[in-house]
Amino acid sequence: MVKERFDVAVIGGGIAGASVAAELSKDRRVLLLEMENQPGYHTTGRSAAVFAAVYGPSPIRALTRASRSFFASPPATYFDTALFRSRPIMMIARQEQEPVLDQTIAEVGGMTPVERINEARIRKLNPMVKTGYASAAMLDMSGEDIDVSTLHQGYLRQFRALGGDLRCNASLLSLVHGDKSWRLETEAGEFTADTIVNAAGAWAEHIGHLAQAEPIGLVPKRRTAAIVEAPSELPPDVVASLPITIDIDENFYLKPDAGRLLISPADETPSPACDAQPEEMDIALCVERIENAFDLRVHRIESKWAGLRSFVPDKCPVVGYSSVAPSFFWLAGQGGYGIQTAPALARLAASQVLKNPMPSDIAAECLDLSEIDPSRLIGRG
């Protein structure tokens, strides 16, 4: 039986895999493999994505800034509705947390316009914050809600339009490098590809093991979220305009969601790669933290879910060719930042897969490739 041959096989149909596959399909014949019956079932499909250029380590902030122009004006051929909706970001601090707040402002203020505000301004922006709880905050008025489904489906639409081949229910069973190419045995058949791009999210370490690549120390971590009713005394227009309100130490966050409130304890509980489900203990912790900071009584959880965010020890992405497995490219460890960095990260990864220079607009954001290269993790896995 003749195996179908591709230039590149991308493993994982979430936002990382879909976006890089779309970019690579402009120049190469690309196969996109998804183990579920539809792409984006796991982390991508459970994201409460916000565009926050003040969030994350330095490489994440650079990639986020480089993604803004795409989000603001995506190609209409593939993206049929707007991806952005304005959502200010307010990171609040109690008095004892103010040193962390000031350090954060110092780190991000040079690249992103932020403002230090007092308690009166905090409560004007979010009247639910308890009097006396937060003494100061960092306000970023450039934050945005991201339409994750439109973003993901747009990339898949672009991928197909450019001749890409998507195979679902295609769990990878084996991955063997032979005569200058990879042989992939999957539940959807056998394929060959010159290059592998490992965009498998929480399963990326497992895929690396199949390829006999270097370990990168990737740990999936569970993040819990729930939807609750907003206080009845707050008018709907006030609820809709609330900023996403985040504890400066990232112990919780709250944001409006279709007339209700999305709340999270911002948990990062190590987990095996799996179909993550919320734990009752984490929901209880979430409610406790939210009720402690806000004038909000949670009487009923309307819905709850969990997703996996995968990190390596330094919490920066892993982007680049393996130094061990030939023509095996890592695109992993995006943590909770995979949506907001997807446009720039896809273009960067595609340029590296094809061994082209870094796109100039990404270089202009002072991205240091050594901070995301897999080689930095040698000896840590």
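None of the figures in this text is laboratory data; all of them are computed from the coordinates on show. None of the values given here were measured: they were computed from a predicted structure. Here Cβ is always computed from backbone atoms with ideal geometry, including for glycine, and neighbour counts include all displayed protein chains.
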Which lysines have a Cα less than 25 Å from the Cα of Lys130, not counting those fewer than 8 places away in the same chain?
Lys255, Lys304
Connecting every pair of Cα atoms under 10 Å apart in the chain and solving the GNM, the largest mean-square fluctuation among Ile60, Ile216, Ile301 falls on Ile301
Total charge dipole magnitude, region 156-229, about the Cα centre, Cβ charges on Lys, Arg, Asp, Glu only, Debye to nearest 20:
300 debye
Among 365-373, 73-81, 190-198, 329-337, how do they line up by average Cβ neighbours within 10 Å per residue, starting with the highest?
329-337, 190-198, 365-373, 73-81
Aspartates and glutamates whose Cα lies under 13 Å from that of Lys355, excluding same-chain neighbours fewer than 8 positions away
Asp27
If unit charges are put on Cβ atoms (+1 for Lys and Arg, -1 for Asp and Glu) and the dipole of region 174-281 is taken about its Cα centre, the option from Pro272, His206, Ser174 lying farthest towards the positive end turns out to be Ser174
Taking the Cα centre of the chain as origin and charging only Cβ (+1 Lys, Arg; -1 Asp, Glu), how large is the dipole, in debye to the nearest 20?
580 debye
To make sure I understand the rule: partners must be aspartates and glutamates, Cα under 20 Å from the Cα of Lys124, and not fewer than 8 residues away in the same chain. Which ones qualify?
Glu98, Glu115, Asp140, Glu144, Glu233, Asp237, Asp247, Asp257, Glu291, Asp295
Dipole magnitude of region 151-196, debye to nearest 20 (Cβ charges: Lys/Arg +1, Asp/Glu -1, about Cα centre):
240 debye
Mind listing which trypsin sites (Lys or Arg not before Pro) in region 161-236 are in a DSSP loop and have 14 or fewer other Cβ atoms within 10 Å?
Lys180
Which trypsin sites (Lys or Arg not before Pro) from region 83-149 combine a DSSP loop assignment with at most 13 other Cβ atoms within 10 Å?
Lys130
DSSP beta bridges in the chain: the antiparallel percent, rounded to 5, is 70 percent
Divide by every residue of the chain the summed helix terms, -39500 (n - 2.57) for each DSSP H run of at least 4, and state the resulting mean residue ellipticity at 222 nm, rounded to the nearest 500 deg cm²/dmol.
-8000 deg cm²/dmol
